[in-house]
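*Asks:* Here you go, one structure.
No lab work stands behind these numbers, since they all come straight from the coordinates. Given the structure is predicted, the values throughout are model-derived calculations rather than measurements. Virtual Cβ from ideal backbone geometry, glycine too; neighbours counted across all protein chains shown.
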Amino acid sequence: MEKETLKRIFDFIKKNEGIAPKYYGSLEWKILFNEPFTKEDLNVKGDLDLNGSNILSLPDGLKVNGYLDLSNTWINSLPKGLEVASDLNLDYTMIDVLPKGLKVYGDLSIRRTRLKKYTYDELIDMVKPGFILGKILI
């Protein structure tokens, strides 16, 4: 089933039955269906699990008050001002550089990425003035 067909079905059910899917209107929903973001969407309360999704990019200024899982996606860069209150999983992505100012309060997982070519110190220097407080998992 195509995404647009699925979206129309969910919209119909919400309108006529008053029942919405679990993630209806959330950032995950907006990313999946290419809907515009609001300023409030950039502050995710909790985890953001996009593992295996078709995303290619994320909005600048995104703050996730939990973990952020981008593993197994086609994303190739991280947004400016990204803050993750827990772990950041980039396993099996095309990301080859980390943005300056990246803040990760937990672990950073970079298994099977192009980032593996860098040393620990190079990765830490790459994100300054940001930081990675946890382990870097290679």
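*Asks:* Please specify each residue of segment 10-54 satisfying the condition of being surrounded by 12 or more Cβ atoms within 10 Å (Cβ to Cβ) and either touching a residue at least 40 places away in the same chain (Cβ under 8 Å) or in a helix (DSSP H, G or I) (or both).
*Replies:* Within segment 10-54, 10, 11, 13, 14, 27, 28, 29, 30, 31, 32, 41, 42 qualify.
*Asks:* With the requirement that a residue be surrounded by fewer than 17 Cβ atoms within 10 Å (Cβ to Cβ) and in contact with a Gly (Cβ under 9 Å, 6 or more places away or on another chain), what does segment 87-101 give you?
*Replies:* Within segment 87-101, 99, 100, 101 qualify.
*Asks:* Among the residues of segment 119-130, are any touching an Asp or Glu at 6+ places or on another chain (Cβ under 7 Å) and surrounded by 17 or more Cβ atoms within 10 Å (Cβ to Cβ)? First the steps, then the outcome.
*Replies:* In the first step, residues of segment 119-130 are kept if they are touching an Asp or Glu at 6+ places or on another chain (Cβ under 7 Å); the result is none.
The answer is no; no qualifying residue exists.
*Asks:* Here is a check on your reading of the model: is residue 59 more than 23 Å from residue 4 (Cβ to Cβ), touching a Pro at 6+ places or on another chain (Cβ under 7 Å) and in a loop (DSSP other than H, G, I, E, B)?
*Replies:* Values: more than 23 Å from residue 4 (Cβ to Cβ): no; touching a Pro at 6+ places or on another chain (Cβ under 7 Å): yes; in a loop (DSSP other than H, G, I, E, B): yes.
No; evaluated as a whole, the condition is false for this residue.
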